[in-house]
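The values are calculated or read from the model by the stated rules, or taken from the named source; none is laboratory data. Everything numeric here is computed off the predicted structure, so don't read it as measured data. With ideal geometry, Cβ positions are generated from the backbone for all residues, glycine too; neighbour counts draw on all protein chains shown. What goes into the accessible areas is simple: the full protein's heavy atoms, side chains included, and nothing from ligands, DNA or RNA. Shrake-Rupley method; radii C 1.70, N 1.55, O 1.52, S 1.80 Å.
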Amino acid sequence: MDSALIAAVRRFNRTVTQRVGALDDEYMAQGRPLGQARLLWEIGPAGAEVAALRARLGLDSGYLSRLLRILENDGLVTVGPAGQAGGDGRVRTAVLTDTGRIQWAQLDQRSDDLATSILEPLTEHRRERLVAAMAEVERLLIGSMVVIEPCPPSDPRARACLRAYARDIARRFDDGFDPALSNPVHDEALVPPAGVFLLATLNTEPVGCGAVKLHRDAPAEIKRVWVADTVRGLGIGRRLLGELERHAAERGVTAVRLDTNRNLTEAIAMYRAAGYEEIEPYNTEHYAHHWFEKQLRR
């Protein structure tokens, strides 16, 4: 990694933490540090499941429990089983007390005031530049938070991705998508040593997937590459593709190939940009119009 890039990120982090008051013992003069204030804000007037808070904020269970205990002791929050009739009693929910809702409203107003103080000294043009730059930084940071790792195709999160994949292509293909007409991809072909299924998650929520099938006497085959609308444009598809290629190369594969539908124009552009070259059809996939292959370097 370029040391200049690393230094620039560190410099940006220092500037932001100072400007937003993250270093202060009392964040926005509320008598509590940033971690407690952020948790209070995330719970919000509607309350939140503890597991969802942990995933959303990226906190380990122990630290989150300590923060919640502090807010409880201060009379701002109650934590207990979900109170809805018929709900799962094992699900713990954090709910603001009346005092907690008052502090939340104060925090919300002071957050607006802080944002105003950042924008106010700037000209209109510079405000627009700053907000646009912040939006871009936010999207890129979200992209860097996506985790890609192997996952059994039978995992519920993997199943959810595959269902989303099927709905997506059914909407985009000319005649919809009928799995019975497509070449099947069985679970056993997507687990080592036969292959691998990769799952992309953001704050533990599935946002993408991809798989590669290894063949003894033929190039490996990439299947089921899908990215959720919420993270498209962040390079997640290209990362999935690269990880699938790496998995194949590490197992001695020298080439990978895939088929795709003519309506998946973004995918076709990504494959070509990644070095895939169009080839003659190598299978009888009902929904395929293009077939691609790429030589791998081990």
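What is the residue count in segment 163-183 for residues that are part of a helix (DSSP H, G or I) and crowded, with 16+ Cβ neighbours inside 10 Å? Steps first, please.
Filtering segment 163-183 down to residues part of a helix (DSSP H, G or I) leaves 163-172, 179-181.
With the extra rule that they be crowded, with 16+ Cβ neighbours inside 10 Å, the set shrinks to 164-166, 168-169.
Residues flagged as part of a helix (DSSP H, G or I) and crowded, with 16+ Cβ neighbours inside 10 Å within segment 163-183 amount to 5.
Just to verify a result, which residue in segment 257-298, among those that are among the aromatic types (Phe, Trp, Tyr) and part of a strand (DSSP E or B), is nearest to ASP174 (Cα to Cα)? By that ranking, first place goes to TRP291.
Please verify whether segment 228-235 includes one or more residues that are open to solvent by 20 Å² or more (accessible area, probe 1.4 Å), closer than 22 Å to ASP155 by Cβ and either among the basic types (Lys, Arg) or at pLDDT below 95 (or both). Before the answer, list the steps.
Our first condition is that a residue be open to solvent by 20 Å² or more (accessible area, probe 1.4 Å); within segment 228-235, this holds for 229-230, 232-235.
Cutting the leftovers down to closer than 22 Å to ASP155 by Cβ gives us 229-230.
Filter once more, so that each one left must be either among the basic types (Lys, Arg) or at pLDDT below 95 (or both): 229-230.
Yes: segment 228-235 contains one or more residues that are open to solvent by 20 Å² or more (accessible area, probe 1.4 Å), closer than 22 Å to ASP155 by Cβ and either among the basic types (Lys, Arg) or at pLDDT below 95 (or both).
When residues in segment 22-56 are screened for being touching a residue at least 40 places away in the same chain (Cβ under 8 Å), under 23 Å from ILE142 (Cβ atoms) and small (Gly, Ala, Ser), 5 of them pass.
Candidates in segment 90-112 are the residues that are more than 28 Å from the chain's Cα centre (by Cα) and free of Cβ contacts under 8 Å to residues at least 12 places away in the same chain; of these, the one that is farthest from THR17 (Cα to Cα) is ASP98. Just one residue in the set ARG139, ARG101, ARG129 is outside the structural domain of ALA194 (by the TED database), within 25 Å of LEU202 (Cβ to Cβ) and open to solvent by 90 Å² or more (accessible area, probe 1.4 Å); that residue is ARG139.
Here's the yes/no breakdown for (1) outside any helix (DSSP H, G or I); (2) of a type in the set (A, V, I, L, M); (3) at pLDDT below 90; (4) open to solvent by 60 Å² or more (accessible area, probe 1.4 Å):
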| position | (1), (2), (3), (4) |
| --- | --- |
| PHE12 | no, no, yes, yes |
| GLY21 | yes, no, yes, no |
| ASP25 | yes, no, yes, yes |
| GLY35 | no, no, yes, no |
| LEU53 | no, yes, no, no |
| LEU59 | yes, yes, yes, no |
| ARG69 | no, no, no, yes |
| GLN84 | yes, no, yes, yes |
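Looking at GLU149, is it surrounded by fewer than 12 Cβ atoms within 10 Å (Cβ to Cβ), within 30 Å of GLY237 (Cα to Cα), touching a residue at least 24 places away in the same chain (Cβ under 8 Å) and within 27 Å of the chain's Cα centre (by Cα)? Criteria met by GLU149.
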